[in-house]
Amino acid sequence: MRIALFFTIAFLAAPPLQAENYVGHGISLYNELKYGPDFTHFEYANPDAPKTGTFLIGWIGTFDSLNPFILKGTTPPRMSALLYDTLTEHADDEIFSEYGRLTERIEVSADNSWVLYTLRKEARWHDGQPVTPEDVIFTLDILKTKGHPYYDSYYSDIEKAEKVGERQVKIIFGAGTNKELPLIAGQLAILPKHYWEGRDFTETTLEPPLGSGPYKITAVEAGRFITYERVDDYWGRDLPVNKGRFNFDRIQFDYYRDQTVAIEALKAGEFDYRRENSSKDWATSYDVPAVDEGTLVKDPLPHRRSTGMQAFVFNTRRDKFADRRVRQALGYAFDFEWTNKNLFYGLYQRTTSYFANSELASEGLPQGRELEILEAYRGRVPDEVFTGLRAPQHRRIGPDPHESARGHKTARRRGLEDCRRRTDARRNGRRDGNRNSALYRFVGAHRRTDD
């Protein structure tokens, strides 16, 4: 059996208002839909993929409930995605587009005040009963009144849902023109009204719930494992949004309380997949014969998804951080190169954007329409926006790297002390005679170590 191991490298709709209502098989926030009404499958899914096998996943933690929609209890991963269908399905190769899953037709009012979904007549719960507008209305109501507080907040702009036809349900929005609302409403995982009537939705349970999705729960032991089994007669198996997906016969999550134990279990072949997010473990924990033999596949999986960032954020309302040069000096104090080499095994890259590693990240100097927009703010934004901004780099040369490191520490210490002294002077109503001492003395010491 081949064991797959993956490491994620850290680098991170409602149509426009128009005269007539929008009607379509999907909806996009920004652009035209990539997939037309006759599309057969998403490009990233293989429609000919075989449906077979068991996928074992190692998971850290525990669980004590099978109700993922309330605050109480801890639930296993992927429950909602595997057990329930949503009104629409997100396309992973578009910025924000949704295509019909439970719904076959989407209509959005010209003023963006409501969205109307026509449910597929073939949509069924696992007990054979049809998915109805009443289920949609029940789901929205119970999630907002008895579900996790997140739902009441996330769907706060949804005023109500009402049945307007045998298979039609209209979701009405409150005041405002949030163009995302028709897409947000479509993300709703629909629950069976007939199942939950007579059950306490606010309580935890270990009874496998009724769903309509591609999998059902067939075995569970709290805190140890949960097994999902593919539904052979799943009503939505051949939908374009599902074709080529949900291919494993069984998916099982095995729980571990300790990361080290889980890693050793993976190396012993106890499960198939682990997503590694520790640079130390990635660099040091998998030097085993199985990797050389190819039975343990260590794959970094490069991607172009925004990964966010790990960073210190300064509260500029505090006087000591109000001066931009103080914050800049602290930026010089952070030696990313040393940190990456000695603590993170050279596996990190410097973050240069809030959207690093994605098509939304800024690259190069502004030009064209971007430059036109920024010109209105020249003098109000840093000049480097127009000339280029680069994070400071620390280099070490010379016969004694430790001496160079000490020089950097001294420079940082002097720079920060000067910054602190200038801040104290400003608080006391005095003016520091050398107003740039913190920045320039710090930078000067930094440069001298490079000479």
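The values are calculated or read from the model by the stated rules, or taken from the named source; none is laboratory data. Just so it is clear, the model here is predicted, and its values are computed rather than measured. FYI the Cβ positions are ideal-geometry reconstructions off the backbone, even for glycines, and counts take in every protein chain you see.
With a requirement of 1 or more residues that are out of contact with any Lys or Arg (no Cβ under 8 Å at 6 or more places or on another chain), among the hydrophobic types (A, V, I, L, M, F, W, C) and within 29 Å of PHE355 (Cα to Cα), the helices (runs of 4 or more DSSP H) lying completely within the stretch 266-341 that satisfy it span 279-284, 319-322, 324-333.
The rows are residues; the columns are (1) of a type in the set (D, E, K, R); (2) within 18 Å of PRO182 (Cβ to Cβ); (3) not assigned by TED's automatic domain parsing to the domain that holds GLU20.
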residue	(1), (2), (3)
ASP111	yes, yes, no
VAL115	no, yes, no
GLU134	yes, no, no
ASP141	yes, no, no
LYS144	yes, yes, no
PRO149	no, no, no
SER153	no, no, no
ILE158	no, yes, no
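Those strands (runs of 3 or more DSSP E) of the stretch 44-131 in which at least 1 residues are closer than 30 Å to ASN31 by Cβ, considering only elements entirely within it, cover 88-90, 97-100, 103-108, 114-119. Looking at TYR348, TYR354, just one residue is in a loop (DSSP other than H, G, I, E, B) and touching a Phe, Trp or Tyr at 6+ places or on another chain (Cβ under 9 Å), and that residue is TYR348.
The set of residues in the stretch 95-125 that are buried (at least 20 other Cβ atoms within 10 Å of the Cβ) and of a type in the set (Asp, Glu) contains only GLU98.
If only one of ALA175, ALA185 is surrounded by fewer than 18 Cβ atoms within 10 Å (Cβ to Cβ), of a type in the set (A, V, I, L, M) and on the phi < 0 side of the Ramachandran plot, which one is it? After applying the criteria, what remains is ALA175. Figure legend. Inter-residue proximity from the stretch 139-165: first residues over 23 Å from LEU119 (Cα atoms), second residues of a type in the set (D, E, K, R) and part of a helix (DSSP H, G or I), beta-carbon distance below 7 Å, spacing 6+ or different chains. Indicated pairs: ASP152/LYS144.
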